[in-house]
Amino acid sequence: RASQREELLGIARFAQEFGFRPVIEGCEEGWTVADELGRAGAYAILTPRRRMPKEEQLVRAGGSSIENAARLHQSGVQIAVRPDSTTIDFVGTAGRDLLALPVEAGFAVRGGLSDAAALAAMTIVPARVLGIDHRVGSLEVGKDCDAIVTDGDVLHYQTFVQYAVVDGKLVYDKEKEIYFAHIRPRPKKPVAEPSAPAAEPLPAEKTEEKAEGGEGDAKSEDEKDEGEKKSEEEKPADEKDSEKEAEGGL
């Protein structure tokens, strides 16, 4: 761990001389020697909200700066972020310490770090520091399925993690956590109502249908009588006379 300019400068020069990449935790005054650290290929593990005052007797630039992460990143330093404490307390905070990591990254964004670099500082860069980036740190084919689902920008302080998946298994659901479930609960999915069966016709409607059917039968009988009458008229005269003679004989 190193914080002050002289310490950081010595580490950068030592690493360049012996050809290794240093991993430096703290690095509060890193912005004052960012170019040297970049040439050394250093990793910097920062807590952006941590403040370090400048020593009064110094005439050079010093102390912490909100632009620390941005300047180091611009100089080629790989940035990772961590909260000031990894412990969880339940004294009036209801476990909100779990959300401290993205708050630290968001503070670095306020100092000029890009959103993409801030996201990498919470994911792939820490994996590189630990030498496990071949397994975790990004969503790629062949890597462990570790992911979170949020209800907004992960760098916004009001965003909540809704789901967490580790190695392909759901390990966290906000709606099932007693400390978070009551805060902005997820909207319930609408339940589709079953379609109502077709209504039975009223008795009056049935009577009307029956009456309409009777009228149709009467019409068909009339049409039949008219057809028979017409066929009688169309018969030849000799057939009509023979029919009359037959009727007279009866």
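Since every read-out is calculated from the coordinates, none of them should be taken as a lab result. Owing to the predicted nature of the structure, the values given are computational and were not obtained by experimental measurement. All Cβ positions, glycine included, derive from the backbone under ideal geometry; neighbour counts span all protein chains shown.
If r is the Cβ-Cβ distance from K189 to F160 and R0 is 25 Å, what FRET efficiency results, to the nearest 0.05? According to the calculation, E is roughly 0.85. Near the amide H of Q162, within less than 5 Å, lie the amide hydrogens of V149, T150, D151, all on another chain or at least 5 residues away, with H placed in the peptide plane.
With a sphere of radius 15 Å drawn around the Cβ of R135, what net charge do the other residues whose Cβ falls strictly inside it have (Lys, Arg +1; Asp, Glu -1)? Local net charge: -3. Taking a ≥ b ≥ c as the square roots of the eigenvalues of the alpha carbon gyration tensor, region 145-186 is oblate, as a/c is not under 1.5 and a/b does not beat b/c.
A simple spin-label model places the labels of K143 and R13 3.8 nm from each other, with each point 7 Å out along Cα-to-Cβ. Among 11-21, 184-194, 121-131, sorting by the average number of other beta carbon atoms lying within 10 angstrom of each residue, highest first, gives 121-131, 11-21, 184-194.
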